[in-house]
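Worksheet: one structure, shown below.
The values are calculated or read from the model by the stated rules, or taken from the named source; none is laboratory data. Remember, predicted model here, so these are calculated numbers, not experimental data. Here the Cβ positions follow ideal geometry from the backbone for every residue, glycine too, while neighbour counts run over all protein chains shown.
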Amino acid sequence: MTLLSAKNLIKDFGGLRAVNVGAFELPQGEIRAVIGPNGAGKTTFVSLLCGRIAPTQGAIHFEESDITRLPAHDRVALGIAYTFQITSIYPNLTLYDNVMLPAQRRASLNASNDAADRAMVALERVGLSSRAFERAGSQAYGHQRLLEVAMGLALAPKLLILDEPTQGLAEGEIETFKELIRAMAKDATVLLIEHNMNVVMALANRITVLNFGETLAEGTPEEIRANADVQTAYLGG
Amino acid sequence: MRVDRALILHLAVIALLFAMQYVMSPYHQGNLARIMVLATYATGYNILFGYTGLLSLGHALFFAAGMYGAGMTMRYWDFPAIAAFPTGIIAATALAFLIGALALRTTGVAFMIVTLMFAQAGFLTLLYFNEYTRGDEGFVLPQADRAIGMIDLSADDTRFIAAWMIFSVGLLIALAIVRSKAGRVLIAIRENEERTRMLGFNPFPYKLGAVVVSGAFAGAAGAAYALLFGSVGASFASIQYSIEPLLFVLLGGAGVVLGPLVGSILIFYLIDYAREITTAYLIVVGVALVLLILFARKGVLGSIRRRTDGWLP
Amino acid sequence: MDLGPQLMLASLDGAVGAAVLALTALGLSLVFGVMRVVNVAHGEFFMLGAMIAWFVASNIGGHPAIGFVGALIIAPLLVGAIAASADWLILKRLDYEPEATIVATIGLLYILQQGALVTFGPVAQAVEAPFNHRIEIPWFEGSNVGWGLFTTSYKLFVIAAAITILLAVWLLLSRTKMGLVMRATQLDRETAQAFGIPVEKVYALTFGFGAALAALSAVLIVPIQQADYLMGGDPLLLSFIVVIIGGLGSLRGTLIAALLIGMSDGIISVFFTPTLAKIIATLVVAMVLVFRPQGLFGAKAQ
């Protein structure tokens with residue numbers, strides 16, 4: 001079943017066409033990686049999907065309903081969570097308060113009272129529960145990235161969009177992240193922007209390659225590895 | 001069961017304020033009554049500025065709306081005090097809703113200037129309808145009208161208790177708001193609005209709520225001022241009365257529930273003291289603003305909170 | 001008096017107001033454009049200019065023209081120096097963080113205003129114009145005896161002086177190295193710094209220069225209007241209106257708006273009370289910021 005789809009999605013910035021994706025379909029339960037050279041429009045593309053920016057043209061559907069005009073916060077309510085490429089947390093609040101917000105949002109959606117439990121579970125899953133009452137801003141960079149993911153987790157989303165989650169992490173931390181994403185994929189569909197090919201090849205069921213804002217190729221990791229166009233784009237042929 | 005330290009502290013402060021009437025001279029008792037009314041105003045402002053991070057330069061408009069809402073209905077329509085007070089609050093709340101809905105289309109510096117301009121327009125409007133509002137000079141509510149049933153609100157002791165009640169209710173409401181789920185969202189908006197939006201919260205209704213609540217507090221304080229001290233005037237809508245709550249909150253500690261009370265007490269007595277020395281006593285306001293913004297952004301209680309593990313709400 | 005002559009007179013007064021307003025607002029606009037600082041104390045620099053003009057004129061003695069020329073030189077320099085040091089001591093330390101800067105300039109407003117009260121006293125002071133010939137306006141001469149339509153040579157001088165100063169500022173900004181440096185800083189602070197422009201000094205200079213323009217226009221107007229320590233409110237409000245309607249940071253927009261608002265302020269006040277005109281203007285400004293933040297004449301959003 002298709003969870004999310006986009007048709008003829010176009011975003012212009014001034015005279016520049018940043019994104020022009022004819023068709024994009026994301027089946028439920030998949031881990032999909034979006035890759036592409038720098039400036040290929042990856043972040044712009046997923047920002048259109050999660051509603052941070054409005055498209056110039058095109059349509060986006062989520063679980064059969066048209067969400068093209070839906071503001072970002074309402075898309076979150078439908079089950080689309082986004083974690084930022086540049087760490088975006090509440091540095092002056094505790095880790096607990098950081099995850100408490102999305103947990104509270106989730107709890108209000110199913111009218112339940114389990115926000116506090118939900119928050120602690122999210123912290124446990126990323127291994128930060130022992131630091132729950134420390135200030136988020138005083139944590140190491142790797143822990144802040146984990147917190148960012150925990151905030152997404154606490155929303156219990158149907159679709160989790162991760163924008164370069166491993167950027168700037170050390171080798172050992174990346175291994176932890178791979179495990180984490182695999183575990184998350186059991187409950188949610190994952191859309192992953194990633195530069196690290198090792199991570200992409202290890203995790204993704206399918207890969208979408210963007211170049212100059214357009215879909216260059218789409219397929220399994222093996223197909224993409226063998227694709228001549230993709231090699232040219234990456235080698236700058 | 002866990003002891004609610006914060007609630008106990010706030011109740012203790014309320015009790016302490018009540019006890020002050022027995023130890024203070026009538027002069028200081030009168031001052032404290034005035035301070036508690038102004039602190040109510042600033043406590044509401046703190047929800048907007050301290051907790052939500054929105055700096056309004058136009059809250060005098062809501063203070064004046066409360067003041068005139070109560071004062072005009074008493075003067076022209078013979079409202080009894082008990083009806084005039086809520087009328088003032090309603091007037092201020094409605095105005096805050098309208099202006100909030102417009103001004104919140106902007107952010108940052110533009111929000112500051114828009115609120116300043118709306119308040120200025122309101123102030124000038126009060127001057128323009130001088131015939132009814134008595135402009136800068138204002139008018140005095142007759143002592144006979146300033147009573148609820150048999151209780152004379154203009155008498156020293158009842159006035160003190162009335163001011164104390166209004167402040168206490170305001171303080172507990174503020175405490176409840178900032179510790180509620182909605183309060184957590186307000187703080188989140190202050191800390192990182194875009195993140196909050198991407199966690200599924202639409203910031204706009206929360207920000208508008210903060211404007212409206214702070215407007216209602218300002219209105220309650222303005223109406224109380226008219227009833228307890230008898231004076232109603234356009235000068236209460238001037239920029240100076242918009243700056244005052246900002247100053248109280250900054251000095252006492254923005255984002256600490258008790259901050260505005262501490263700030264109001266300090267500034268009130270600082271100005272009172274300066275008034276004895278010089279006619280240019282308002283220089284205190286300027287110097288305090290500059291020093292606070294340069295060296296002590298957290299204010300008195302904000303600095304204390306950092307050393308107490310942050311449990312102070 | 002007929003409406004025709006009255007309008008004529010109003011537009012002359014409007015032109016005087018517009019000329020002075022253009023100068024004052026230009027200072028505010030320059031500071032906002034280059035430094036992105038909203039200077040709420042701008043009106044107090046105007047007030048200081050007027051008070052210093054009175055102080056200088058009343059202490060120099062002799063022919064009023066000597067005092068006037070003295071004030072014309074001393075007031076802007078002194079006010080500029082005060083502003084530049086305020087920038088150095090306060091705004092620089094805040095790293096020009098927008099909201100903190102506004103709060104600081106509000107503090108500065110009180111300090112300057114109350115400081116002037118202590119220094120110059122609460123009494124409104126008049127300054128004698130250097131020359132003040134009565135000039136009958138020829139078309140209507142004698143048409144209304146006792147109400148004769150006239151202006152003064154000094155009013156015409158104010159208009160001419162303001163235009164001259166505006167031209168000089170324009171030349172300064174577009175033709176000199178100082179103007180180039182200011183514009184470079186305005187476009188991109190980091191790049192300017194990388195190219196060796198001492199941004200901190202440019203900021204102090206700009207802030208001083210903006211304040212000096214306000215002081216200069218105050219010196220020009222003070223023989224027509226009296227000077228007192230509370231006079232800063234009106235020029236501040238009007239400059240804000242002009243700068244916002246003209247488009248924040250756009251100098252051309254500022255000039256057009258100053259002309260429009262200064263002139264219409266004169267003309268509107270024939271039909272409405274000044275208070276009503278101000279209410280309308282402040283509401284318009286608020287609405288412009290809410291619905292069209294780039295201003296009516298500005299092309300780019302801030």
**Item:** Residue among B:I14, B:I47, B:I8, B:I35 that alone is surrounded by fewer than 22 Cβ atoms within 10 Å (Cβ to Cβ), in contact with a helix residue (DSSP H, G or I) (Cβ under 8 Å, 6 or more places away or on another chain) and more than 24 Å from B:R134 (Cβ to Cβ)
**Value:** B:I14
**Request:** Just give me the residues in region A:81-101 being modelled with pLDDT of 90 or more and under 21 Å from A:G213 (Cβ atoms), in sequence order.
**Result:** A:Y82
**Request:** Just give me the residues in region C:110-128 being more than 7 Å from chain B (Cβ to nearest Cβ), assigned to a helix (DSSP H, G or I) and buried (at least 23 other Cβ atoms within 10 Å of the Cβ), in sequence order.
**Result:** C:L112, C:Q113, C:A116
**Asked** Do the conditions hold for A:A33, that is, is it within 11 Å of another protein chain (Cβ to nearest Cβ) and in contact with a Ser or Thr (Cβ under 9 Å, 6 or more places away or on another chain)?
**Response** no
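So if I check each of C:A57, C:A15, which one is more than 14 Å from C:A218 (Cα to Cα) and modelled with pLDDT under 90? Give the derivation first.
Numbers: C:A57 fails: more than 14 Å from C:A218 (Cα to Cα).
Matching residue, one of C:A57, C:A15: C:A15.
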**Prompt:** So which residues in region A:55-87 are away from chain B (no Cβ under 14 Å) and part of a loop (DSSP other than H, G, I, E, B)?
**Reply:** A:P55, A:T56, A:E63, A:E64, A:T68, A:R69
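Could you check region B:258-289 and list, in sequence order, the residues that are of a type outside the set (A, V, I, L, M, F, W, C) and either within 7 Å of another protein chain (Cβ to nearest Cβ) or surrounded by fewer than 21 Cβ atoms within 10 Å (Cβ to Cβ) (or both)? Steps first, answer last, please.
Applying the first criterion (of a type outside the set (A, V, I, L, M, F, W, C)) to region B:258-289 yields B:259-260, B:263-264, B:269, B:272-273, B:275-276, B:278-279, B:281, B:286.
Residues satisfying the conditions are B:Y269, B:D272, B:Y273, B:R275, B:E276, B:T278, B:T279, B:Y281, B:G286.
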**Message:** Just checking, does region B:134-145 include any residue being within 16 Å of the chain's Cα centre (by Cα), away from chain C (no Cβ under 14 Å) and part of a helix (DSSP H, G or I)?
**Reply:** no
**Complete:** Checked against (1) closer than 16 Å to B:L48 by Cα; (2) at pLDDT 95 or above; (3) away from chain A (no Cβ under 14 Å); (4) crowded, with 22+ Cβ neighbours inside 10 Å, B:F167 satisfies every condition except (1)
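Can you tell me how many residues within region B:41-68 are among the β-branched types (V, I, T) and either over 13 Å from the mean Cα position of the chain (by Cα) or outside any helix (DSSP H, G or I) (or both)? Reasoning before the result, please.
Of all residues in region B:41-68, those among the β-branched types (V, I, T) come to B:43, B:47, B:52.
Going one step further and asking which of them are either over 13 Å from the mean Cα position of the chain (by Cα) or outside any helix (DSSP H, G or I) (or both), we end up with B:52.
Qualifying residue count, region B:41-68: 1.
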**Complete:** Residue hits (region C:181-201; crowded, with 17+ Cβ neighbours inside 10 Å and either of a type in the set (K, R) or outside any helix (DSSP H, G or I) (or both)) are C:R189, C:I197
**Request:** Can you tell me which residue within region B:292-313, out of those that are over 28 Å from B:M20 (Cβ atoms) and surrounded by 14 or more Cβ atoms within 10 Å (Cβ to Cβ), is farthest from the other protein chains (Cβ to nearest Cβ)?
**Result:** B:R297
**Item:** Qualifying positions in region B:237-265 - among the β-branched types (V, I, T) and closer than 19 Å to B:I283 by Cβ
**Value:** B:I239, B:I243
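When only residues in region A:101-120 that are more than 7 Å from every other protein chain (Cβ to nearest Cβ) and in contact (Cβ under 8 Å) with a residue 24 or more places away in the chain count, which is farthest from B:R197 (Cα to Cα)?
Our first condition is that a residue be more than 7 Å from every other protein chain (Cβ to nearest Cβ); within region A:101-120, this holds for A:103, A:106-120.
Okay, now just the ones that are also in contact (Cβ under 8 Å) with a residue 24 or more places away in the chain, so A:103, A:106, A:109, A:118-120.
Working: A:A103: 14, A:R106: 14, A:L109: 15, A:R118: 20, A:A119: 18, A:M120: 22 Å.
Selected residue: A:M120.
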**Asked** Pick from region B:229-240 the residues that are surrounded by fewer than 23 Cβ atoms within 10 Å (Cβ to Cβ) and either farther than 15 Å from B:T133 by Cβ or of a type in the set (A, V, I, L, M) (or both): which of them is farthest from the other protein chains (Cβ to nearest Cβ)?
**Response** B:G230
**Request:** State which residue pairs qualify: first residue without any contact (Cβ under 8 Å) to a residue 12 or more places away in the chain and within 7 Å of another protein chain (Cβ to nearest Cβ) and inside region C:261-285, second residue buried (at least 17 other Cβ atoms within 10 Å of the Cβ) and polar (S, T, N, Q) in any location, beta carbons under 8 Å apart, and separation of 6 or more residues or different chains.
**Result:** C:I279/B:T125
**Message:** Among the numbered criteria (1) out of contact with any Phe, Trp or Tyr (no Cβ under 8 Å at 6 or more places or on another chain); (2) closer than 25 Å to B:M36 by Cβ; (3) in a helix (DSSP H, G or I); (4) in contact (Cβ under 8 Å) with a residue 12 or more places away in the chain, which one does B:Y273 miss?
**Reply:** (4)
**Request:** With the checklist (1) in contact with a Ser or Thr (Cβ under 9 Å, 6 or more places away or on another chain); (2) within 30 Å of B:R179 (Cβ to Cβ) in hand, flag the one item B:Q120 doesn't pass.
**Result:** (2)
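Condition check ((1) over 19 Å from C:A168 (Cα atoms); (2) within 14 Å of chain B (Cβ to nearest Cβ)) across all residues:
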| site | (1), (2) |
| --- | --- |
| C:T24 | no, no |
| C:G27 | no, no |
| C:V34 | no, no |
| C:G49 | yes, no |
| C:F55 | yes, no |
| C:I60 | yes, no |
| C:A100 | yes, yes |
**Request:** Evaluate the following for B:T106: is it at pLDDT 90 or above, farther than 24 Å from B:S235 by Cα and touching a strand residue (DSSP E or B) at 6+ places or on another chain (Cβ under 8 Å)?
**Result:** no
**Request:** Could you check B:D272 against (1) modelled with pLDDT under 95; (2) farther than 17 Å from B:N31 by Cβ; (3) not polar (S, T, N, Q) and say which number it fails?
**Result:** (2)
**Asked** If you go through region A:82-93 one residue at a time, do you hit one that is more than 19 Å from A:L162 (Cα to Cα), surrounded by fewer than 18 Cβ atoms within 10 Å (Cβ to Cβ) and in contact (Cβ under 8 Å) with a residue 12 or more places away in the chain?
**Response** yes
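What residue, of B:I239, B:I173, B:I177, B:I243, is of a type in the set (V, I, T), modelled with pLDDT of 95 or more and more than 30 Å from A:Y82 (Cα to Cα)? Working first, answer last.
Values: B:I239 fails: modelled with pLDDT of 95 or more; B:I177 fails: more than 30 Å from A:Y82 (Cα to Cα); B:I243 fails: modelled with pLDDT of 95 or more.
Sole residue among the options that is of a type in the set (V, I, T), modelled with pLDDT of 95 or more and more than 30 Å from A:Y82 (Cα to Cα): B:I173.
Please work out which residue is surrounded by the most Cβ atoms within 10 Å (Cβ to Cβ), limiting yourself to region B:104-116 and to residues that are facing another protein chain (nearest Cβ under 7 Å) and farther than 20 Å from B:Y41 by Cα.
So the first thing to find is which residues in region B:104-116 are facing another protein chain (nearest Cβ under 7 Å), and the list is B:105-106, B:108-110, B:112-114.
Keeping just the survivors that are farther than 20 Å from B:Y41 by Cα gives B:105-106, B:108-110, B:113-114.
Numbers: B:R105: 14, B:T106: 18, B:G108: 14, B:V109: 20, B:A110: 19, B:I113: 24, B:V114: 27.
The extreme case among them is B:V114.
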**Complete:** Only one of (1) surrounded by fewer than 24 Cβ atoms within 10 Å (Cβ to Cβ); (2) in a loop (DSSP other than H, G, I, E, B) does not apply to C:Y229, and that is (1)
